[in-house]
Amino acid sequence: VAAAADDVAAALDHLGVTDPVGVAGWSGGGRVAAALAARHPHRVDRVAVVATPAPHEEVPWVPDEHQAGLEALRDLPPDHVHAALSGMLGADLPGDASELLPLLGASPSDQGALAMPGARERLTTMLAASVRQGALGMAQDIAGYGLRPWGFDRAEVAARTLLLYGAQDPAVGPEHARWWEDGLPDARIEMAPAQGHLVLLPLWGRVLSHLAPGTLR
């Protein structure tokens with residue numbers, strides 16, 4: 001998580017961006033958004049954490065069998081962990097990227113989000129890119145947030161933070177939002193009553209209004 005946040009900071013350097021930015025992170029990406037604000041506070045003035053899980057040890061949410069398999073890998077070198085997870089995940093990867101949509105945590109409450117013009121196509125394109133090198137990316141993500149510290153403290157996120165969650169999200173519910181809120185200096189929770197894990201799509205306008213308040217677009 002920390003390394004991904006530092007990569008974003010390096011990209012901003014490369015692009016010559018010197019003013020503070022707003023940063024949004026959806027699902028696992030919310031950890032990276034918060035880490036960027038904590039590790040590079042001069043870079044970030046506002047954060048949107050959208051449907052992002054708390055650590056499993058704080059708010060249990062990973063199925064027991066999956067967590068047990070992950071714990072069995074905890075003491076192995078990273079390369080061994082990545083290879084083992086890649087093998088397990090890769091065995092179940094379908095050939096058609098559209099069949100990967102369940103990996104995004106979509107539930108019946110997300111049917112409206114998936115019906116938005118172009119939404120399903122954009123998500124499928126994203127998923128196809130994510131598995132172009134097989135399951136290695138997923139393996140590294142899971143190991144990175146499940147087997148080692150995230151590399152930042154919530155209390156170090158000084159930026160004003162919106163915690164946006166779907167009230168009908170079957171995996172990442174209000175208790176995750178409350179965990180984030182309890183440790184963030186300047187945060188507020190907004191629960192979207194009819195939305196699931198794909199809450200980012202129908203409420204993207206709300207995210208932008210938080211990140212860039214007062215703008216016309």
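The values are calculated or read from the model by the stated rules, or taken from the named source; none is laboratory data. These numbers come from a predicted model, not from an experiment. Note that each Cβ is placed from the backbone with ideal geometry, even for glycine, and that neighbours are counted across all protein chains shown. Quick note on the areas: whole protein, heavy atoms, side chains included, nothing else; ligands and nucleic acids left out. Shrake-Rupley method; radii C 1.70, N 1.55, O 1.52, S 1.80 Å.
What the Kirkwood sum gives for the range 1-128 is a hydrodynamic radius of 17.4 Å, with every pair of different alpha carbons counted.
Shape index of the range 16-63: Rg/Rh, with Rg the Cα radius of gyration and Rh the Kirkwood radius from the inverse mean 1/r over Cα pairs, equals 1.09. The Cα center of the range 80-143 and the Cα center of the range 147-178 differ in position by 21 Å. Compute a Gaussian network model of the chain, connecting alpha carbons closer than 10 Å, and tell me which residue from ALA187, ALA115, ALA177 fluctuates the most. Per the Cα network of the chain with a 10 Å cutoff, ALA115 tops the list.
Can you give the percent of C-alpha pairs in the range 62-138 whose distance is more than 17 Å? Each step should come with its number before you reach the end.
Working: 1603 of 2926 pairs.
Cα-Cα pairs of the range 62-138 separated by over 17 Å account for 55 percent.
Projected over every direction and averaged, the convex hull enclosing the alpha-carbon atoms of the range 92-195 yields 8.1 nm².
Relative contact order for the range 1-44 using alpha-carbon pairs under 8 Å, separation at least 6, rounded to a whole percent?
51 percent
The per residue volume of the convex hull around the alpha-carbon atoms of the chain is 136 Å³. Using C-alpha pairs under 8 Å with a sequence gap of at least 6, the mean separation divided by the residue count of the range 1-95 gives a relative contact order of 23 percent.
With all protein chains kept in place, the per residue accessible area of the range 106-217 amounts to 54 square angstrom at a probe of 1.4 angstrom.
Taking label positions 7 Å along the Cα-Cβ direction at both HIS80 and ALA155, the computed distance is 3.6 nm, reported to one decimal.
Between the amide H of ASP169 and any residue lying 5 or more places away or on another chain, no distance stays under 5 Å, with hydrogens modeled in the peptide plane.
Measuring nothing but protein heavy atoms, the accessible surface of the chain at 1.4 Å probe radius is 56 percent carbon and sulfur.
Under the definition of Cα pairs under 8 Å and six or more residues apart, what whole-number percent is the relative contact order of the chain? Write down the numbers at each step before the final one.
Values: 346 pairs, mean separation 59.5, N = 217.
Computed value for the chain: 27 percent relative contact order.
Only helices at least 18 Å long along their axis, Cα-based, and averaging 0.5 or more on Kyte-Doolittle count here, so list those DSSP H runs from the chain. Taking the DSSP H segments of the chain (at least 18 Å long, mean hydropathy at least 0.5), we get 2-15.
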